[in-house]
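The structure under discussion appears below in the form of structure tokens.
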Amino acid sequence: MKFKALFTLIIISLSGVSLVYISYSSKMDKVEGDFERVFTFYVQAGALQIAHKIYVSVPPSLYYFYRGISHSTFNVIDYCKYVTPEAVRPVAECIREVVGGDDESFANAVLTLIQQMSYTLSDVKYPVETLVDGCGDCDVFSLLAASMMKAGGLDIVLFYYKDSSPTHMNVGVYLNFTPSLNWWETPTCFEHQGKKYWVAECTPQRRWKIGEQPGIVANIKPIIIPLDNCEGKSPAKVSASLDKPLKASSISASIKHLNNENCFSLFGSITPGLAGQPIAIYISKDEKHWRFLGETFTDDFGNYSFKLTANLTGLNHFKV
């Protein structure tokens, strides 16, 4: 079960005097929906495929943050903003723990994880949304795959097939060797800035491997979208555990008005009380569109605090 800490803060300025009203429950609000997932990925070991599970927990506040920010896409280059490696890095690290430095095995393992999701026509999503929703179409899956692969240290581009009907997207993975396929198959790649990027198809039609290209785009040259301007830092990360469930955890939070005018402190603790854990703070005017306000860290006992010094007026909602 996941919880969120949610507060409402109203500041009204009248003739230079600030009236402050803070509303919050002494108990944490139960979050609607399920934010925990279990995924399976497969690693080739000779003639065998070894299955591993990744237990993933998405902070509800992170999910609502990405769901509430802009999803506008004005041209194909805008797709790079949906690639968020830091947010999904713990998932990539779990896969790397199994495959080590084998980049081809890592990329193929990422594909097996994503290809178990349900194919549904969908608007574009951020990867954190896809992990929770568990469904999407070619661009949604490609953005998640690109995020995981880039988090795992691979050099990645996106392939966009505008001349396909309907349009299609998959991922390009740079390898300095030819990927291994059946002897009768010829791997597909496209060159970009002197490098060969091998096709990585992400849809769940079959268990695709690096280098395999679906027939619908077999003779179409894609637009290559570099990921130089993808998201550099995420407000927070998902949690992930390899082959064993994550340990239960919770967070508490309170808010108080300090002596200074319009100055407040958000404070609380996490259980278990771990030191050095990042706590992300979000603010919203309407509880739909959340903005990352800042980050603090827990002390040796799992306690944290965050000082608000901004000039806040009107209705403000906070999440941690």
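Only the coordinates and a few stated rules stand behind these numbers; no lab work does. For clarity, every value in this text was computed on a predicted model and none was experimentally measured. Cβ: placed from backbone, ideal geometry, glycine included. Neighbour counts: every protein chain shown.
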Rounded to whole Hz and in sequence order, give me ³J(HN,Hα) for the stretch 301-307 from the Karplus expression 6.51 cos²θ - 1.76 cosθ + 1.60, θ = phi - 60°, writing x for Gly and Pro.
10, x, 8, 9, 8, 9, 8
Say the dipole of the chain comes from +1 at the beta carbon of Lys and Arg and -1 at that of Asp and Glu; which of GLY211, PRO127, ALA145 then lies farthest toward its positive end?
PRO127
With θ taken as phi - 60° and the coefficients 6.51, -1.76 and 1.60, list the Karplus ³J(HN,Hα) couplings across the stretch 71-76 in order, rounded to whole Hz; mark glycine and proline as x.
10, 6, 10, 8, 8, 5
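Only Cα pairs under 8 Å and at least 6 apart count here; give the relative contact order of the chain as a rounded whole percent.
Answer for the chain is 22 percent.
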Burial order of peptide ranges 214-226, 80-92 (average beta-carbon count within 10 Å, highest first):
80-92, 214-226
Whole-number percent relative contact order across the stretch 32-114, with pairs defined as alpha carbons under 8 Å at least 6 apart:
34
Can you give me the Cα centroid spacing of the stretch 61-124 and the stretch 156-214 in angstrom?
16
Dipole magnitude of the chain about its Cα centre, charges +1 at Lys/Arg Cβ and -1 at Asp/Glu Cβ only, in debye to the nearest 20?
560
Longest principal axis of the chain (C-alpha) makes with the long axis of helix 89-99 (C-alpha) an angle, in degrees to the nearest 10, of 40
For the chain, the longest principal axis of the Cα atoms and the Cα long axis of helix 103-114 enclose an angle in degrees, to the nearest 10, of 70
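If one computes P(r) from the Cα atoms of the stretch 204-320, what percent of pairs lie at distances over 18 Å?
Distances greater than 18 Å cover 68 percent of the Cα pairs.
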Mind checking the dipole of the stretch 172-268: about its Cα centre, +1 per Lys or Arg Cβ, -1 per Asp or Glu Cβ, Debye to the nearest 20?
260
In a GNM of the chain with a 10 Å cut-off on Cα contacts, which of ALA248, ALA47, ALA236 has the highest mean-square fluctuation?
ALA47
What shape does the stretch 76-187 have by the C-alpha gyration tensor, where a ≥ b ≥ c are the square roots of the eigenvalues, rounded means a/c under 1.5, and otherwise prolate means a/b greater than b/c and oblate the rest?
oblate
Sum of side-chain charges, THR73 neighbourhood, beta-carbon under 10 Å (Lys, Arg +1; Asp, Glu -1):
-2
Express the relative contact order of the stretch 209-320 as a whole percentage, based on alpha carbon pairs under 8 Å and six or more residues apart in sequence.
23
May I ask for the angle, rounded to the nearest 10°, between helix 138-151 and the longest principal axis of the chain, with both axes built from Cα atoms and the value confined to 0 to 90°?
80
Would you calculate a helix-derived [θ] at 222 nm for the chain, using -39,500 (n - 2.57) for each DSSP H run of n ≥ 4 and dividing by the full residue count, to the nearest 500?
-5000 deg cm²/dmol
Restricting to aspartates and glutamates and to Cα separations under 15 Å from LYS288, and discarding same-chain partners fewer than 8 apart, the set is GLU32, GLU129
Quick check on the chain: take the gyration tensor over C-alpha atoms, sort the square-rooted eigenvalues as a ≥ b ≥ c, and tell me if it's rounded (a/c under 1.5), prolate or oblate.
prolate
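Quick check on the stretch 135-286: take the gyration tensor over C-alpha atoms, sort the square-rooted eigenvalues as a ≥ b ≥ c, and tell me if it's rounded (a/c under 1.5), prolate or oblate.
Note, shape of the stretch 135-286 comes out prolate.
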